[in-house]
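The values are calculated or read from the model by the stated rules, or taken from the named source; none is laboratory data. Remember, it's a predicted structure, so these values are computed and weren't measured experimentally. When we count neighbours, we look across all protein chains shown, and the Cβ atoms used for this are built from the backbone with ideal geometry, even at glycine. Heavy atoms of the whole protein, side chains included, go into the accessibility calculation; ligands, DNA and RNA do not. Shrake-Rupley method; radii C 1.70, N 1.55, O 1.52, S 1.80 Å.
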Amino acid sequence: MKLNQIINLHKGLTAFVVIGLMIFFDNFAIAPYVYLALHGTYGLLWLLKEKIFPDPYFKENINFLTSVTGFIFLGSYWVAPYILISSQKSVPNIVIAASVSINIIGVFLHFASDAQKYFSLKLKKDLIKEGFFKNIRNTNYLGEILIYLSFAILSMSFIPLVILAIFFSIVFLPRMIKKDKSLSKYDSFEEYKKKSGLILPKLNA
């Protein structure tokens, strides 16, 4: 089994999980619908991305135990909709608006930068230091973090924020560091590194 199959399964199931929670807890308020629109659409866009510009990193083979563990780990992202929907909490309009805005920015950065990386590398295997990657070396990760931050904000709970912090520490950050080590083979990388931030732009660049 490949890693992308586990990820795709999780992304594809998200909308159905959220709908199931709404039915189970009989909560059809505006906030759950907004959450369904945001997270459900993100799952759909991810599946489209896999067809159009997939990440080769996720094509690696994993064993059955790793597959199950990975799916359970990814399932922690469903804690946010569970808290939101099961608590029956009323979410202020300003929180909903902030979540939508942050989500849109995150989706734009995540998918657009991934598309730039994919098609640039198809043309030439070289260091990408223009466009979305001019000032930030991991714009795609920044976008993904903003996406899940929007879900956490909409849930109005600190628990999804803790889960996001855990993902950042044990998944995103190690992969960014590994990427930097891989890019260090290019002669111009050190100069590029001085001018760009790992996940946020450098103020003094």
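Before moving on, here are some points about what is shown:
- Selection from region 43-67 of residues that are of a type outside the set (A, V, I, L, M, F, W, C), in a loop (DSSP other than H, G, I, E, B) and under 25 Å from residue 15 (Cβ atoms): 54, 55
- If you go through region 44-70 and keep only what is open to solvent by less than 30 Å² (accessible area, probe 1.4 Å), closer than 16 Å to residue 115 by Cβ and either modelled with pLDDT under 90 or of a type in the set (Ser, Thr, Tyr) (or both), you end up with 55, 58.
- If the condition is being loosely packed, with under 14 Cβ neighbours inside 10 Å, free of Cβ contacts under 8 Å to residues at least 12 places away in the same chain and assigned to a helix (DSSP H, G or I), then region 172-202 contributes 174, 177, 178, 181, 182, 190, 191, 194.
- Number of positions in region 80-91 that are assigned to a helix (DSSP H, G or I) and open to solvent by less than 20 Å² (accessible area, probe 1.4 Å): 4
- Within region 1-29, the set of residues being in contact with a strand residue (DSSP E or B) (Cβ under 9 Å, 6 or more places away or on another chain) and of a type in the set (Val, Ile, Thr) is empty.
- Here 146, 161, 154 are screened, and the one residue that is open to solvent by 70 Å² or more (accessible area, probe 1.4 Å), closer than 30 Å to residue 87 by Cα and touching a helix residue (DSSP H, G or I) at 6+ places or on another chain (Cβ under 6 Å) is 161.
- Residue in region 130-143 that is open to solvent by 30 Å² or more (accessible area, probe 1.4 Å) and more than 17 Å from residue 200 (Cα to Cα) present: no
- Pairs where the first residue, in region 95-115, is touching a residue at least 40 places away in the same chain (Cβ under 8 Å) and the second is outside any helix (DSSP H, G or I) and open to solvent by 30 Å² or more (accessible area, probe 1.4 Å), C-beta under 9 Å, 6+ apart: 95/156
- Annotation note: Cβ proximity below 6 Å between a residue of region 31-45 that is closer than 22 Å to residue 88 by Cα and a residue that is assigned to a helix (DSSP H, G or I) and of a type in the set (A, V, I, L, M) (sequence gap 6+ or interchain) occurs for 32/22; 32/85; 34/96; 35/84; 35/154; 36/18; 40/15.
- Being of a type outside the set (Phe, Trp, Tyr), modelled with pLDDT of 95 or more, under 19 Å from the mean Cα position of the chain (by Cα) and open to solvent by 60 Å² or more (accessible area, probe 1.4 Å) is a property that does not hold for residue 94.
- Checked across region 103-120, the condition of being part of a helix (DSSP H, G or I), open to solvent by less than 40 Å² (accessible area, probe 1.4 Å) and β-branched (Val, Ile, Thr) holds for at least one residue.
- Across region 1-42, the qualifying residues are those that are aromatic (Phe, Trp, Tyr) and part of a loop (DSSP other than H, G, I, E, B), and the one among them that is least open to solvent (accessible area, probe 1.4 Å) is 25.
- Among residues of region 135-160 that are over 11 Å from residue 79 (Cβ atoms), those with a Cβ under 8 angstrom from a residue that is open to solvent by less than 30 Å² (accessible area, probe 1.4 Å) and charged (D, E, K, R), sequence gap 6+ or separate chain, pair up as 137/180; 140/114.
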